[in-house]
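Since the structure comes first, as structure tokens, the remarks are kept for the end.
The values are calculated or read from the model by the stated rules, or taken from the named source; none is laboratory data. Since the structure is predicted, the reported quantities are computational estimates derived from the model, not experimental observations. A quick note on method: Cβ atoms are made from the backbone with ideal geometry, for glycine too, and the neighbour counts reach across all protein chains shown.
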């Protein structure tokens, strides 16, 4: 082998250079080093290391890089950092203790038997989404530490589609979110979504946590199948896959651990038909939850009211609701009788009854119970949701509400409406005879047809 064999490699510049490849054996390496000592070899080496002039770095590039690095350092130092890695872990773990797992009705394909809730009081009040999972008498709530409690329904808000539960924790004080210490999110804020999505957590396992950003604060225009969402107010639109099966009722919190909202049910956009990921802000439901906790709901007031003497019923109003197949079937109007008080008040089929006498009603049973707390002949205010709009109607009963009244015929005689005119008249008899001439044979016996009504036969 004579020496180093040059390999021509094209560079990005206009010139070509030769890059030597080092030989593998020592003898060849020694010969190559002797040739490199000659002037021709030195010239070739200088040609190999020559770089086009346009590739030469500018003398200002070094200071420019230094100023750029200094500027980014100052920006990073001035930007507020939410929390550190260790602090964020503590915030997440603290929030997980305030989120519970709820198990109820369902269990078939497409109907999961679980969802999520958040503790909002030390006494064991749990806020969750109003859904079919609650349509059971055996509702169970599992805390973060694995303890299981039976839950009872305190009340529901049919507009926001939220339900307040209560578990008996005894005298123990449980960790909870404070609605009075909640916060409001803005577009671009980083948030955390905590829920039992897909039922991953069980027993004492912690709920799942997703990190995302609030992409928008916009009104909710969504539906599920053919049913429009009852709530049309502003929601937090998220870029995280937060609204999955089992996530309804979960918590949306900031990086400081304060509650921002409640994750909603699975809904599709009415505009794009895409599945939405959103949360209801605390300001949208805080007042309603306080009313339910204070006992201003329909279920809490029922025990304090005396039953009326003549209670109101659906049949009195001429209403028929959808079949009550579940313990908490939504009270949609199925049919309305003609010429009934409900028809005259303006109720329509497919209306969702959400208030009766100012009390929220979230099921067919609650509508029936609320009507029975009103007198039959007293007007009652009924609030319905119709195509997403809340309609307030007043239904009043007459003495005979279900009997249609026919218009009076002006051409009939005035005495036609009297009871005597409706009775059948007697058949006309012969004219009453005048004074008869004396008959030599004596007075004749009176004919039976000429006897006046009410006179006894045989009387003169």
**Message:** Condition first: assigned to a loop (DSSP other than H, G, I, E, B), within 21 Å of the chain's Cα centre (by Cα) and surrounded by fewer than 18 Cβ atoms within 10 Å (Cβ to Cβ). Now tell me which residues in the range 191-223 satisfy that.
**Reply:** 221
**Message:** Given the options 370, 378, name the one that is at pLDDT 80 or above, in a helix (DSSP H, G or I) and surrounded by 11 or more Cβ atoms within 10 Å (Cβ to Cβ).
**Reply:** 370
**Unique residue being modelled with pLDDT of 85 or more and not assigned by TED's automatic domain parsing to the domain that holds residue 128 when the list is 276, 326, 314, 280** = 314
**Asked** Does residue 348 satisfy the criteria of being at pLDDT below 90 and either in contact with a strand residue (DSSP E or B) (Cβ under 9 Å, 6 or more places away or on another chain) or in the same structural domain as residue 161 (by TED's automatic domain parsing) (or both)?
**Response** no
**Request:** Could you please give the count of residues in the range 153-190 that are exposed (fewer than 12 other Cβ atoms within 10 Å of the Cβ) and outside any loop (DSSP other than H, G, I, E, B)?
**Result:** 2
**Prompt:** Pick from the range 322-335 the residues that are buried (at least 19 other Cβ atoms within 10 Å of the Cβ) and touching a strand residue (DSSP E or B) at 6+ places or on another chain (Cβ under 7 Å): which of them is farthest from residue 163 (Cα to Cα)?
**Reply:** 333
**Fill in**
Residue count, the range 224-241, condition modelled with pLDDT of 90 or more and closer than 14 Å to residue 269 by Cβ, comes to 3
**Prompt:** Of all residues in the range 241-287 being out of contact with any strand residue (DSSP E or B) (no Cβ under 8 Å at 6 or more places or on another chain) and part of a helix (DSSP H, G or I), which is nearest to residue 125 (Cα to Cα)?
**Reply:** 286
**Wholly enclosed helices (runs of 4 or more DSSP H) of the range 26-137 bearing at least 2 residues at pLDDT 70 or above and outside the structural domain of residue 365 (by TED's automatic domain parsing)** = 61-78, 85-96
**Request:** Take residue 338 and decide whether it is at pLDDT 80 or above and surrounded by 19 or more Cβ atoms within 10 Å (Cβ to Cβ).
**Result:** no
